[in-house]
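Take a look at the structure set out below.
Just so it is clear, none of the values below were taken in a lab; they were calculated from the coordinates. All values reported here derive from a predicted model rather than from experimental measurement. Counting neighbours? That spans all protein chains shown, and the Cβs are built from the backbone with ideal geometry, glycine included.
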Amino acid sequence: MESKTPARGLYVAAMLLSGAGDALGYRNQLWEYCKSGPQIHAELQDLGGLQNIRTSLPDWPVSDDTVLHLATGESLATGKLGEELYDDLAARYVTAMSDMEGRKPGPTSILGTSQLRPGEPGGYRIPFNPSATGCGAAMRSMCIGLRFPRPSELSLLVAVSVESGKMTHNHPTGYLGSLASALFTSLSVQGVPLEQWGSLLLRTLPLALEYVQSTDPDVERHLEVWEYFRESWERYLSERGLLQGSGPVLFPSSYGAAERDAEYQRWSLDGWPGRSGHDAPMIAYDALLGARGSWEELCSRSMFHGGDSDSTGVIAACCWGALYGLSGVPEGNYSHLEYRGRMEAVAESLHKLAWGEH
């Protein structure tokens, strides 16, 4: 059964709040590199709390996450598909890297974009990278779910999220993070209950594997490291009681900022929570499950923690916006964002492409 047409305002909220989640979690490098959630919460109170924060330049720029997410969205907004889309995506990722002053792009994104050759046959493909496990693909792919939100478009969502992810993070742990972020955003648009998202991700992984097996010339290297992403998510969903896609969700009895830091650390690949392709969407999903309709609680859980807090925030906030709109969000958190106009334009274009003139 196809989804009913969502309000255009939900697309605008998804894009704007993704930028807000990035800017809040980043805090001009101060919070992305802070290892202590309790310290971030204390500093937040010193600033007057979330209600008092106006995310505007110069103190609250967006990071590389939003710059690359906009590159993805603006490419999708052209309406291109297939090889034409992939070449356009590659070109926009290369161009986006010239807008990274003070935004702290990851080394894998820098390397990957340097290897892209847009305009050449197959120039959007780069070699397999055994260390490309980071979250750089996951944090820029949410809008793929806005472009392809229908259940009947799942194969397109898989193909575009995997191919775009591989343009910098050509490793399953990296590009499956791209798939997770895109899928979760599409499920937000569809209004699928949160408790089902993780199990639906697991059910989508075989489609991704089939796609990689049918398109990648170096498939054996992918197969050797494929299971880490799936096993990590199975373990997380088992602990939350959600492996079968039904609740209630099981959280630890004590789950404040310090406890979440410890939990997120346990999920991490390299000791930096949210830095990897599997755990950036995982922390975002965990935050959405715990926050429900509370923006403040979402920020507390997804943006104000020790670790890669802008990348987890950009994913969680995009999904939250698609679910709930701007209701309950302090206007200052999003109304003066850097690149706000571009975010709104992407939202309008993707809504029209996905749903026509409805």
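To the nearest Å, what is the center-to-center distance of the stretch 75-97 and the stretch 100-169, using C-alpha atoms only?
Computed from Cα coordinates, the inter-centre distance equals 10 Å.
I need the peptides 268-276, 155-163 ranked by packing, meaning the mean over residues of other C-beta atoms within 10 angstrom, with the highest value on top. Each step should come with its number before you reach the end.
Values: 268-276: 20.0, 155-163: 22.2.
Top of the packing list down: 155-163, 268-276.
So how far apart, in nm, are the two label points at residue 42 and residue 266 if each is 7 Å from Cα heading toward Cβ?
Spacing of the two 7 Å Cα→Cβ label points: 2.5 nm.
Would you work out the charge dipole size for the stretch 264-336 about its Cα centre, treating the Cβ of every Lys and Arg as +1 and the Cβ of every Asp and Glu as -1, and quote it to the nearest 20 debye?
Numbers: 4 positive and 8 negative charges, 28 e Å.
I would put it at about 140 debye.
On average, how much area does the Cα convex hull of the stretch 133-248 cover when viewed from any direction, in nm²?
Details: hull surface 26.5 nm².
One quarter of the hull surface, i.e. the mean projection, equals 6.6 nm².
Could you size up the charge dipole of the chain around its Cα centre, putting +1 on the beta carbon of Lys and Arg and -1 on that of Asp and Glu, and report it in debye to the nearest 20? Each step should come with its number before you reach the end.
Details: 28 positive and 43 negative charges, 83 e Å.
My answer is approximately 400 debye.
From the C-alpha coordinates alone, can you work out the Kirkwood hydrodynamic radius of the chain, in Å?
Details: mean 1/r = 0.0511 Å⁻¹.
Evaluated on the chain, it is 19.6 Å.
Would you kindly state how much longer the chain becomes between residue 52 and residue 78 on full extension, computed as 0.36 nm times their sequence separation minus their alpha carbon distance, in nm to one decimal? It would help to have the intermediate numbers written out before the result.
Working: separation 26, 0.36 × 26 = 9.36 nm, distance 3.71 nm.
Length difference between fully extended and current span is 5.7 nm.
Only Lys, Arg, Asp and Glu count, each charged at its Cβ (+1, +1, -1, -1), so figure out the dipole size of the stretch 138-245 about its Cα centre, rounded to 20 debye.
On the way: 9 positive and 12 negative charges, 84 e Å.
That gives the stretch 138-245 a dipole magnitude of about 400 debye.
Report the extension gain between residue 213 and residue 156 in nm, rounded to one decimal, defined as 0.36 nm multiplied by the number of residues separating them, less their alpha carbon distance.
Working: separation 57, 0.36 × 57 = 20.52 nm, distance 1.58 nm.
Residue separation times 0.36 nm, minus the Cα-Cα distance, leaves 18.9 nm.
Length gain on complete extension for the stretch residue 111 to residue 4, per 0.36 nm per residue less the alpha carbon to alpha carbon distance? Write out the running numbers ahead of the final one.
On the way: separation 107, 0.36 × 107 = 38.52 nm, distance 4.09 nm.
My answer for the length gained is 34.4 nm.
Sorted from fewest to most neighbouring beta carbons within 10 Å, what does the list 56, 178, 186 look like? The partial results should precede the final answer.
Details: 56 15, 178 32, 186 28.
Ordered by Cβ neighbours within 10 Å, fewest first: 56, 186, 178.
Extending each Cα 7 Å along its Cβ direction at residue 231 and residue 35, get the distance between those two points in nm, one decimal.
Each label point is offset 7 Å from its Cα along the Cβ direction, giving 2.7 nm.
In whole Å, what three semi-axes, largest first, describe the equivalent ellipsoid of the stretch 267-322 built from its Cα gyration tensor (square root of 5 times each eigenvalue)?
Working: eigenvalues 66, 20, 15 Å².
Square roots of five times the eigenvalues give 18, 10, 9 Å.
Applying the Karplus parametrisation 6.51 cos²θ - 1.76 cosθ + 1.60 with θ = phi - 60° to the phi angles of the stretch 175-190, what ³J(HN,Hα) value in whole Hz is obtained for each residue in order, glycine and proline being reported as x?
7, 6, x, 4, 4, 4, 5, 5, 4, 4, 5, 5, 5, 4, 4, 6
Order 326-332, 68-74 from most to least packed using the mean count of other Cβ atoms within 10 Å. Walk me through the intermediate numbers first.
Values: 326-332: 15.3, 68-74: 25.6.
For the peptides 326-332, 68-74, the packing ranking is 68-74, 326-332.
Would you mind telling me which residue in 346, 192, 67 has the biggest mean-square fluctuation in a Gaussian network model of the chain, where springs connect alpha carbons within a distance under 10 angstrom?
Checking each option, the largest mean-square fluctuation is seen for 192.
Springs between alpha-carbon pairs under 10 angstrom, Gaussian network model over the chain: which of 296, 239, 120 fluctuates most?
Greatest mean-square fluctuation among the candidates belongs to 120.
With n ≥ 4 as the cut-off for DSSP H runs, can you work out [θ] at 222 nm for the chain, using -39500 (n - 2.57) per run divided by the number of residues, rounded to the nearest 500?
Working: 16 runs with 207 residues, N = 358.
Only helices count here, giving -18500 deg cm²/dmol.
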